[in-house]
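The values are calculated or read from the model by the stated rules, or taken from the named source; none is laboratory data. A quick note: this is a predicted structure, and the numbers were derived from the prediction, not measured. No Cβ is skipped: glycine too gets one built from the backbone with ideal geometry, and neighbour counts run over all protein chains shown. Calculation scope for accessible area: heavy atoms of the full protein, side chains included, ligands and nucleic acids excluded. Shrake-Rupley method; radii C 1.70, N 1.55, O 1.52, S 1.80 Å.
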Amino acid sequence: TRARRELLPGIWMDAYGYNDQFPGPTIEVNQGDRIRIVLKNELPESTSLHCHGMELPVSMDGIPGVTQDYVKPGESFPYEFTLHQEGTFFYHPHVAMQEAVGMAGPLVIHPRQTHTPAVDRDFVLLAQQFSILPNATIPNSNAMDWNFLTFNGRCGPYTTPLVCRLGERVRLRFINFSTLHQHPMH
């Protein structure tokens, strides 16, 4: 779907997203689960859904022209498979330029057996970079550089704080979905 997001106070980005969200909602499931994700295409163009790095049947891999047909506007496609892995993954289309305008979302697969020691807080940070020209709200998907670095769809200091109590054990899951460059974390 189309999604609109305020990156910084008064600075808006018109993006593509999932469930009217940019980035898409975090999907949290358990190792061994059988999941079904129904992609309903409400975009003005064809799309797909690719669960990056996942062990799944090739017919569920979401690569148009290779493993499936495009999901055309107004159509739906069910992705259904059993989760053998555990860890931090993400989903996105396998269609040119849709990722460059925001289409991505986190997918967290919790292990059958909880890792020890257990964590008190588990955060996902999805990094994306965009080039948005002055007086524009749509990212320039042809740009070779970027001027906005977002975490979960917002720029600092407008990002959501990761609130913890002193002494809590915290897991940070970083996903770099920057289509232009890599950004060192410090």
Practice problem: With the condition kept exactly as written, say whether any residue in the stretch 33-51 is open to solvent by 20 Å² or more (accessible area, probe 1.4 Å), touching a Cys at 6+ places or on another chain (Cβ under 6 Å) and at pLDDT 95 or above. | Solution: no
Quiz item: Got at least one residue in the stretch 122-144 being within 30 Å of VAL170 (Cβ to Cβ), part of a loop (DSSP other than H, G, I, E, B) and touching a residue at least 40 places away in the same chain (Cβ under 8 Å)?
Solution: no
Practice problem: Please work out which residue is surrounded by the most Cβ atoms within 10 Å (Cβ to Cβ), limiting yourself to the stretch 154-180 and to residues that are touching an Asp or Glu at 6+ places or on another chain (Cβ under 9 Å) and within 28 Å of ALA96 (Cα to Cα). | Solution: PHE177
Quiz item: Do you know which residues across the stretch 86-117 are more than 11 Å from the chain's Cα centre (by Cα) and closer than 13 Å to TYR16 by Cβ?
Solution: VAL95, ALA96, MET97, GLN98, ALA100, VAL101
Quiz item: Based on what the data block shows, is ARG112 open to solvent by 70 Å² or more (accessible area, probe 1.4 Å) and in contact with a Cys (Cβ under 6 Å, 6 or more places away or on another chain)?
Solution: no
Self-check item: Residue, least open to solvent (accessible area, probe 1.4 Å), within the stretch 141-153, restricted to residues that are out of contact with any helix residue (DSSP H, G or I) (no Cβ under 6 Å at 6 or more places or on another chain) and modelled with pLDDT under 90
Solution: ALA143
Quiz item: Are there any pairs with C-beta distances below 6 angstrom linking a residue in the stretch 27-56 that is touching a residue at least 12 places away in the same chain (Cβ under 8 Å) to a residue that is part of a loop (DSSP other than H, G, I, E, B) and among the hydroxyl-bearing types (Ser, Thr, Tyr), with the two at least 6 apart or on different chains, and if so which?
Solution: GLU42/THR1; SER46/TYR70
Quiz item: Taking the condition assigned to a strand (DSSP E or B), of a type in the set (D, E, K, R) and over 24 Å from PRO9 (Cα atoms), does ARG173 pass?
Solution: yes
Quiz item: Could you say which residue among GLU6, GLU28, GLU45 is within 17 Å of MET103 (Cα to Cα) and not in a loop (DSSP other than H, G, I, E, B)?
Solution: GLU6
Quiz item: Is there any pair linking a residue in the stretch 87-108 that is more than 18 Å from ASN152 (Cα to Cα) to one that is in a strand (DSSP E or B), with Cβ under 9 Å and at least six apart or on different chains, and which?
Solution: GLY87/VAL108; GLY87/ILE109; GLY87/ARG173; HIS94/THR47; HIS94/HIS50; HIS94/PRO64; VAL95/THR47; VAL95/PRO64
Exercise. From the list GLY74, GLY62, pick out the single residue that is small (Gly, Ala, Ser), open to solvent by less than 30 Å² (accessible area, probe 1.4 Å) and in a loop (DSSP other than H, G, I, E, B).
Key: GLY62
Quiz prompt | Among (1) under 28 Å from ASN147 (Cα atoms); (2) touching a helix residue (DSSP H, G or I) at 6+ places or on another chain (Cβ under 7 Å); (3) at pLDDT 95 or above - the single one ALA15 does not satisfy | solution = (3)
